[in-house]
Structures are given as structure tokens and as C-alpha cells.
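Notes follow the structure.
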Amino acid sequence: MKRILLSVFAAAITAAWAMPTGATASDVTFGGQYRLRGEQRNQADFNKSLNDHTDMWGQRVRLTANAKATDDTSVKITLQDTRTWGATQSAAGGPGLTDTCGAAVVAGAATSACNATDLHESYVNVDKLLGAPVSLRAGRQELAYGDERLIGSFGWSNNGRSFDALKFVVTTEVANVDLFTSKITENASNLTAKDQDLYGLYATVKAVPSNTVDLYYLSLRDNNGATPIVTNNTTAAATAASTVTRAQKTTVALGSAFGTAIQKTQVLNTYGFRVKGGAVGLDYTLELAHQSGKIQTDAIRYKISANAFALKGGYTIAAPVKIRVGAEYDYASGDKDNSDNKIGTFSNLFPTNHDKMGYMDYQAWRNVKAFNLNLKADVTSAFSLYAGFWNFKLANKHDAWYSAAAWNNTQTGAARAASQTNSNSGVGNEIDIVGSYKYNSALTADLGYGYFKGGKFVKDNVNSVTATATTSAGKNANSNWAYLQLTANF
């Protein structure tokens, strides 16, 4: 509570400071959000012999101040506090006067993570720059484009995602064009570490009747030149292409440190097209993306070539109850050979993964063929129900199964069981049911349940567990998950 009060005070002081002399209180507006979500998950490791059970309550508080300094200049600041209930209090032996960091228990697992209060957004916005139809936004800001499959604010996460970015927006009757540069990783004082930058051009064409057409180019680049990236764990800087594992290749493609070889250049380019439209109850969205680029180390030159697409559509019946019936098919390429110098795994950059391919977050837009059927009913003006069925398969059975947690790396538990000898592509099926109730104009309650039934690939490969005549570990690869979320906006 003390930290929240301090945040309110800081927001008020900052907004007041942002106002020019003579500005009135009407030039500043305040808002915020309180959100609390409880989650429970069973058998996330898909191993029956280790029937894990986790549960937790996560809380997010956001306080926002918008200050309009002049007719064309404004400042926005959003303070955010995120915490897992009991994460620090249990570490201190029980409730205390202040929170302290240290070893804690979060969802049943030991962690050293601390609850955090930080600036989620802090930027200045200038409209009609130099009299032109151009706006400039500089500072920490959310970036979200299209269906947020590649660039998103990830609102489901209590932390969310924001970018330290400089963005120009050109607005015309025909199209809106965003041009931005964002600093992902900064190592100005360390010559042995790399910087990572994201550049983007995103155009939305408005001239097509009943349709919105998006064209985009995104470029993720590393050029520092002295970061360890690739090794075969036995050879320091003379790694041969034939000995590089898929996990190492994917790590290279996404710019994470791995081993002791020297990176010279990394470029990961994404080119895309998206169209969204509809008429007479029908709606549809199609998105296509292609990736190219290169990774040059002191020993190897890797070539990147990957593809992805997503197609979804639906039909809405307006009466007597508004019901939408929909279907979707998603594809993202995988890598077929872990011993060459070609990278074929599509990388979905910085997305909002949640709910794109199931609410349980077991599947990312990477090495996947996914089919979905769904139904949403607005039962009343305040209450809606959603039900969805997903079938997941590997696009390439020699590549890994990537969960939504692997949005930009191959972290442990997120990239599962890549194998050049795997013969199974069936990952599994997922069923999701979500209800949403709007209690009043400020408060919304959501209740959801998900059930995942593992396929042949999961049963025989995940966590190196193989079903045998005497072992049942690989025979039951099912998992379930439930959540309750309360959101109050003010």
C-alpha cells in the first residue's frame, strides 16, 4: 500500500511538472487499472510420474497521468507495480512493514525474483511536427501492430511489454505509416557485449473498401562484434557447421549468448502482409510473413529463410443472441536439418502470444501447423462465453516444439525435444472455455479453463520420457489449467 501511495504521488508530481506555467488542472487527466488473477495448472511437464501442481495469485496496478502541455505536445507516464501474492512476505517470514527481495516461493517453485515497481510508459508526443501530418513519440511506449503476432504489448502478462523507442507516424486519408527504432539491449559500457536494435516500418492502407491492408518490414540487428554465440561445447572458436545443434542455431538466429565464438554481424529481417475485412456477417483476416537474414561468426555464415501465415474467418448471427462461429489455420516453418548452416525456424519476435494459439500458452507461432474451431456468444450485454478447439502439429518433425514462453529464445522448458530422428508430428489437442462478465462500467470478471491432451510427439519425446511396457510416464501427457481474473479500470 505504501508503494502504491508513493506511485500516486510521483505521478501527480510528474504530471504537474510537465505542465507549462499557467496550465490548469483540466490539462491533466489521471487513470489506472487494478488487476488480480489467480491461476492453477496441473501436469505442465506432461509427465504422469511427476504430477506437478502449481497455483498463484498475480497482481498488477497501473497509474497513468496524461498531461497536455500545449495543443500539439503531451506527456504520458504510466507507473506499474507487479507482484505475486506472498512472494516477498514468505521470504521475510510473514507479513512485514515493507517488502524485501530474496528467496521466495512462487507457484510452488523457488525463485529469487522480486516484486517490481517501474515505469511501464514514459514518453512525449508531438503532433503536426513542423506543420506536417506527422507525429513524433519518444520514450518508453507500447508497440502493438495488427493481431500482435510479431509486435505486441502482451497485456495478458502482469508485466506487459513496452519498448524504449522513437516513433514517427504519418497520417493521411489513404494510409497511416509508422516508422520506429527501438533499443532492445544496450551495452554502451561493455565492449565485449552486443547491442540489439529493432527497426520497423508498418503501413496501414485505408483506401480499400471494407478492408484494412497492412504492409510491414521489421529488422532485428546485432552489430557489436564480440559476443559469444555459437559453440559445440568442445571447440571454442572453430565450430564446424556439421556439429552445431539446432538449439544453438536457433539461439544464434535470435541473438542470445551461447558459447565462445565471435559474432560479427546478425540481421533478421521480417517482411509481411496482412488484410482484414468483412461484409454481411462474414469476417476474415489473412497474414503472410517471410524472414531472411544472416548470422556471421568468426567460423560460420548462417543463412535465414523462414515463412509463416495465419488465416482466420467467421460468421456472426445477430439475433436472437449474437453468436460468432469461427475457424483458423496457422503455419510457421521449422528447421529440417540441425547440421547445416541454414536456419529455417520462423521467429515470432516480440508478440502477444496469449490466446493466439490456445489460452494455455503451450504453442508459439513457430514450427507449427495449427487448426482451430471456435464459438463466441454474447449471451447478454454484460456476459459472454467463448469455446475453442485446437489441434497442433509440428511443421517439421525434426525441429522442436516451441511453447508461447519461447517468444524469442529457446529457454529451458520452452523449446522441447528437437530430434533429427523423431518420426511423430502430432503435438496434441487443446480445449478452451472462457466466460467474461462485465459487473459494471469499471469492473470485469473472467473465468477460464483449458485442457490439453498430448499427442504422439508429446507422449514419446517431451522431457526425454518414453512410454514403455513398465513405465507409464509417457502414456498420459495431459494437462489442465484454470484462472479467475478481476479487472477494475478507473
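May I ask you to verify whether THR185 is within 30 Å of VAL134 (Cβ to Cβ), modelled with pLDDT of 95 or more and of a type in the set (Ser, Thr, Tyr)?
Details: within 30 Å of VAL134 (Cβ to Cβ): yes; modelled with pLDDT of 95 or more: no; of a type in the set (Ser, Thr, Tyr): yes.
For THR185, the condition - within 30 Å of VAL134 (Cβ to Cβ), modelled with pLDDT of 95 or more and of a type in the set (Ser, Thr, Tyr) - is not met.
Region 249-320 holds strands (runs of 3 or more DSSP E) entirely within its bounds, and those carrying 3 or more residues that are modelled with pLDDT of 80 or more, in contact with an Asp or Glu (Cβ under 8 Å, 6 or more places away or on another chain) and surrounded by fewer than 22 Cβ atoms within 10 Å (Cβ to Cβ) map to 263-279, 301-317. Taken as a whole, the condition of being under 30 Å from SER381 (Cα atoms) and among the polar types (S, T, N, Q) applies to THR285. Return yes or no: is THR204 over 27 Å from PHE309 (Cβ atoms), free of Cβ contacts under 8 Å to residues at least 60 places away in the same chain and among the β-branched types (Val, Ile, Thr)? Answer is no for this residue. ARG161 falls short on exactly one of the conditions (1) basic (Lys, Arg); (2) at pLDDT 85 or above; (3) farther than 30 Å from VAL275 by Cβ, and that condition is (3). The numbered conditions (1) part of a loop (DSSP other than H, G, I, E, B); (2) at pLDDT below 70 are all true for SER419 except (2).
Picking from residues in region 153-176 that are hydrophobic (A, V, I, L, M, F, W, C) and in a loop (DSSP other than H, G, I, E, B), the one that is surrounded by the fewest Cβ atoms within 10 Å (Cβ to Cβ) is VAL174.
Determine which single condition THR412 fails, assuming it passes every other condition in (1) exposed (fewer than 15 other Cβ atoms within 10 Å of the Cβ); (2) at pLDDT 95 or above. Checking THR412 against (1) exposed (fewer than 15 other Cβ atoms within 10 Å of the Cβ); (2) at pLDDT 95 or above, the one that fails is (2).
The residues of region 323-339 that are loosely packed, with under 15 Cβ neighbours inside 10 Å and assigned to a strand (DSSP E or B), listed by number, are VAL325, ALA327, TYR329. When you look at GLY344, is it touching a residue at least 60 places away in the same chain (Cβ under 8 Å), surrounded by 21 or more Cβ atoms within 10 Å (Cβ to Cβ) and of a type in the set (Gly, Ala, Ser), yes or no? No; evaluated as a whole, the condition is false for this residue. Counting only strands (runs of 3 or more DSSP E) that sit completely within region 34-152, those holding 3 or more residues that are surrounded by fewer than 18 Cβ atoms within 10 Å (Cβ to Cβ) and modelled with pLDDT under 85 correspond to 109-111.
The values are calculated or read from the model by the stated rules, or taken from the named source; none is laboratory data. All figures in this text were calculated on a predicted structure; none of them were measured in a lab. Reconstructed Cβ throughout: ideal geometry from the backbone, glycine too, with neighbour counts over all protein chains shown.
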